[in-house]
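Novice: Structure below; questions to follow.
The values are calculated or read from the model by the stated rules, or taken from the named source; none is laboratory data. These numbers come from a predicted model, not from an experiment. Cβ placement follows ideal geometry from the backbone for every residue including glycine, while neighbour counts extend to all protein chains displayed.
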Amino acid sequence: MTQVAGVRPAAAAGSRASGHKVGVLALQGDVREHVAALQSCGAVAIALRKPSDLEGIDALVLPGGESTTMSLLLESSGLARELASRLEDGLPALGTCAGMILLAREVLDGRSDQLCFGAIDLSVRRNAFGRQIESFESELEVSGIPGGRMHAVFIRAPIVEEVGPNVAVLASLSLADGRERPVVCREGRVTVASFHPELAGDLRLHQLLLSDLEGD
Ligand code: GLN
């Protein structure tokens, strides 16, 4: 088996080649890690920088980074409108951290002009885990993925404040005050995580996105 430098072949990653075209928003953030994860799953990763890059994509990944910056660049690149319309038409999507913020219905503590696509019925608060734990790692139980247990890297992560009636909470985190907060959520074919599976080399949420495309 030949291996492209730095990219694990799909068989080694435990998945079969999907060949699906997945667009990764490539304006800012940890784009490279998501591209590598998708390639490891056998998908074709397309960097999205302008509206014409959306042509023929089957699914979307919104990476981690800074949602405020991405929001500005989405507007100036012209991608905001096109992506909003594709998401409204049911484009399957995965968003991690800043990507979760962009896919949510409501963003608290964002810029007043910050955009969000409303592709999943969540209200999220930016940077809300508090200063002393701005970045931390945790072990989670995630339902709906093989193996269940996941190592999660949280970096200035958003907190989910409200979950709509059609949203499934796949994983939660217990906070020091005893409250449980959703950290992986899914509505239809839109999945979001407030942490970064792509930084931990975990492919299972990308595989979940690709499994959403089966039968399309
Ligand atoms: N705090 C960032 C934001 O508001 C998200 C951080 C991240 O993606 N790691 O967009």
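Novice: Quick check, is Phe195 within 15 Å of the chain's Cα centre (by Cα), in a loop (DSSP other than H, G, I, E, B) and closer than 20 Å to Ile101 by Cβ?
Specialist: Yes, satisfied.
Novice: So how many residues does segment 141-169 have that are among the aliphatic types (A, V, I, L, M), closer than 20 Å to Phe117 by Cβ and buried (at least 21 other Cβ atoms within 10 Å of the Cβ)?
Specialist: 3
Novice: May I ask you to verify whether Gly118 is in a loop (DSSP other than H, G, I, E, B) and modelled with pLDDT of 95 or more?
Specialist: Here the answer is yes, as Gly118 does meet what is asked.
Novice: In segment 49-71, which residues are part of a helix (DSSP H, G or I) and either farther than 18 Å from Met100 by Cβ or aromatic (Phe, Trp, Tyr) (or both)?
Specialist: Of everything in segment 49-71, those that are part of a helix (DSSP H, G or I) and either farther than 18 Å from Met100 by Cβ or aromatic (Phe, Trp, Tyr) (or both) turn out to be Pro51, Ser52, Asp53, Leu54.
Novice: Condition first: away from the ligand (no atom under 13 Å from the Cβ), in contact (Cβ under 8 Å) with a residue 24 or more places away in the chain and either within 30 Å of Ser85 (Cα to Cα) or assigned to a strand (DSSP E or B) (or both). Can you find one or more residues in segment 126-133 that meet it?
Specialist: No, segment 126-133 contains no residue that is away from the ligand (no atom under 13 Å from the Cβ), in contact (Cβ under 8 Å) with a residue 24 or more places away in the chain and either within 30 Å of Ser85 (Cα to Cα) or assigned to a strand (DSSP E or B) (or both).
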